[in-house]
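Remarks on the structure that follows.
The values are calculated or read from the model by the stated rules, or taken from the named source; none is laboratory data. A quick note: this is a predicted structure, and the numbers were derived from the prediction, not measured. All Cβ positions, even for glycine, are placed from backbone atoms using ideal geometry, and neighbour counts span all protein chains on display.
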Amino acid sequence: MKTEHLGIGILYNASLPEYLRQHIDRLDYIEIIPDMFWSDEGRGQQPRFRPLPKWMHQLDWIAERVPLVAHNIGISIGTIDYFDEEYIRFMQQMHETYQFKWHSDHLSFLKLPTKGSHDHNAGIAIPVPYDEEYLTMIGKKVEFIRDTIDIPFLLENNVYFVEYPEQDYTETAFVNKLVRNHPCNILLDIHNLHVNAINQGADAKTYIDELDMEKVMEMHIAGGNDMNGFYMDSHAGPCPDEVWELLDYAVSKAPNLRGITFEFHESYFPLLQFEGLNRQIELAKNTWEKYHLKHPAYERA
Amino acid sequence: MSARDFQLAFASLIASPQTCCELLTAEGPFFSRFDLSEKEKLRLRAIVRQRGVSACCSLYRMNRVTPVYSQLSNTCALLKDKLIPLIEEFWQYLTKPSLQFREEVLEFGNFLMNKINVGAIGLPYLKEVLQLEIAMNELSYLPEGEYRMLGFEHDIFFILQALAEGKLEEAVVPYSAKRYKMYIKDDRVEMEMAEDLLSV
């Protein structure tokens, strides 16, 4: 399957409807977090997933105008002894309606199974240990997802604040083996690399050099801010200069890139305003066009 | 079972700085609650000694308070510095959250309403604002056409306006017993007066 070469997108949030009404023509696609558009009534409930009317109106409006991409937060692919097949099947139904170009989630665990109808939510996405046991388990889930939803599935690199000792693989070796052996691509979050560089001293360019960049299909960019001596992936307004520099470096090495998505948290809309959003999109487009306009990636893929 | 318990143990550390302290000072009782391999114990010991664990705990608290703060914003504004102790008490009570906005908001709303009803919290107008915000939260998950009937003893619009302007404490809020039909139309919350309960 040939996946479309899209361009620049934005992650949808509740502050965006008015902006989109005026400026949607600046965007090549919109990325949504599908979990925000429904209410999960819990296992065993009929229907289990109840679409939220107000949000669905927005989604229908967007879907008539630009392509959609899905970025899940609820697969929790790293949870041991847990896999929510109903969730994946509902995503397939969403895809049938909205024809997502691809979908993604995080290389982490968030949900923990309980005996009740709702899972326990750990509150933050916790990176998986990069061990053989996890590689095997995640690989099987990826196969199921890909068999169920016939579009590319991407996994996003983590932000981490603590490190596990004695792991079987480095993160890049783990991801490379996962995407080499299973039908999976990479969502490279450039801001996450920047966060890890500041907090953990990780070298972001080395990470990019080590990663199988041919498997990178999407990149995320964002801003952050400081909290109690840490730099947080808070999506706090515009991207810092280091992110633009890293984006340029990463895009130059990603021949199969299909889209760059700007993420911001809705509470930072007053900081960005329309002009600020337009500026972030323009800067991302400059990087995209530098490497992809003359030689579109899909033609080389 | 071991890897599953490792994930539960890690999540319990993130959810509670007190549990982190327990692991640092007396690991036996902490480890006795989980079935862990020696390697997993080593990892948990290492994690809890890294400064980043405090960032994980802070993120957990921020993410967990967000549904309540965003959906019950006026209630939170009325509670002021009582909010955090109440939230922490609620978290002791609901230890395995789904973090689904609706459940978290409804659970906290009910927890708070029980406290109000038994007189444990006696802030003026809190009950009226809370019932309004609980109803708005419920309606936001329902199809248009659904509605809630709400009764107020004071002018709820006056209360909300004064709260938004930071003038509620010095305001003289008019007594105004009324019932309203609340519903959502064209993505907007509408309130329609049902009947006067009292003629003042």
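Residue-by-condition table, conditions (1) touching a residue at least 24 places away in the same chain (Cβ under 8 Å); (2) surrounded by 21 or more Cβ atoms within 10 Å (Cβ to Cβ); (3) out of contact with any helix residue (DSSP H, G or I) (no Cβ under 8 Å at 6 or more places or on another chain):
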| site | (1), (2), (3) |
| --- | --- |
| A:Gly42 | yes, no, yes |
| A:Val66 | yes, no, no |
| A:Met94 | yes, yes, no |
| A:Phe100 | yes, yes, no |
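Restricting attention to the range B:13-26, the residues that are touching a residue at least 12 places away in the same chain (Cβ under 8 Å) and within 25 Å of the chain's Cα centre (by Cα) add up to 6. Here A:Asp150 does not fit the description of being assigned to a helix (DSSP H, G or I), farther than 28 Å from B:Lys41 by Cα and modelled with pLDDT of 95 or more. Flag not set for A:Val175, criterion: closer than 24 Å to A:His95 by Cα and either among the basic types (Lys, Arg) or assigned to a helix (DSSP H, G or I) (or both). When the criteria are applied in full, B:Gln7 meets the requirement of being at the interface with chain A (Cβ under 8 Å from one of its Cβ atoms), free of Cβ contacts under 8 Å to residues at least 40 places away in the same chain and either buried (at least 21 other Cβ atoms within 10 Å of the Cβ) or polar (S, T, N, Q) (or both).
Restricting attention to the range B:40-53, the residues being facing chain A (nearest Cβ under 7 Å) and either over 16 Å from B:Ala15 (Cα atoms) or of a type outside the set (Val, Ile, Thr) (or both) number 5. Residues in the range B:103-145 that are out of contact with any helix residue (DSSP H, G or I) (no Cβ under 7 Å at 6 or more places or on another chain) and of a type in the set (Val, Ile, Thr): B:Val118 alone. Only a single criterion out of (1) under 30 Å from A:Pro51 (Cβ atoms); (2) touching an Asp or Glu at 6+ places or on another chain (Cβ under 6 Å); (3) away from chain A (no Cβ under 14 Å) is not satisfied by B:Ala177, namely (1). Of the strands (runs of 3 or more DSSP E) lying entirely inside the range A:189-250, those carrying at least 2 residues that are within 14 Å of chain B (Cβ to nearest Cβ) are A:225-227, A:230-232. Would you pick out the residues in the range B:136-149 that are hydrophobic (A, V, I, L, M, F, W, C) and over 21 Å from the mean Cα position of the chain (by Cα)? Passing the criteria: only B:Met149. Filtered by the rule that a residue be within 14 Å of chain A (Cβ to nearest Cβ) and either of a type in the set (S, T, N, Q) or surrounded by fewer than 18 Cβ atoms within 10 Å (Cβ to Cβ) (or both), the range B:66-87 gives B:Thr66, B:Tyr69, B:Ser70, B:Gln71, B:Ser73. Of all residues in the range A:118-138, those satisfying the criterion of being out of contact with any Ser or Thr (no Cβ under 7 Å at 6 or more places or on another chain), at the interface with another protein chain (Cβ under 9 Å from one of its Cβ atoms) and within 28 Å of A:Arg48 (Cα to Cα) are A:Ala122, A:Gly123, A:Ile124, A:Met137. Which residue is farthest from the other protein chains (Cβ to nearest Cβ), if the candidates are limited to the range B:143-153 and must be touching a residue at least 12 places away in the same chain (Cβ under 8 Å) and farther than 23 Å from B:Cys76 by Cβ? My answer is B:Met149. Among the candidates B:Phe158, B:Phe90, the residue that is in the same structural domain as B:Met182 (by TED's automatic domain parsing), within 25 Å of A:Ser76 (Cβ to Cβ) and surrounded by 16 or more Cβ atoms within 10 Å (Cβ to Cβ) is uniquely B:Phe90.
Mind telling me which of the residues B:Leu106, B:Leu112 ends up being surrounded by 19 or more Cβ atoms within 10 Å (Cβ to Cβ) and closer than 25 Å to B:Arg61 by Cα? After ruling out the rest, the residue left standing is B:Leu112. Tally the residues that are more than 9 Å from chain A (Cβ to nearest Cβ) and in a helix (DSSP H, G or I), restricting the search to the range B:13-39. Here the count works out to 17.
The set of residues in the range A:37-95 that are on the phi > 0 side of the Ramachandran plot and within 21 Å of the chain's Cα centre (by Cα) contains only A:Ser76.
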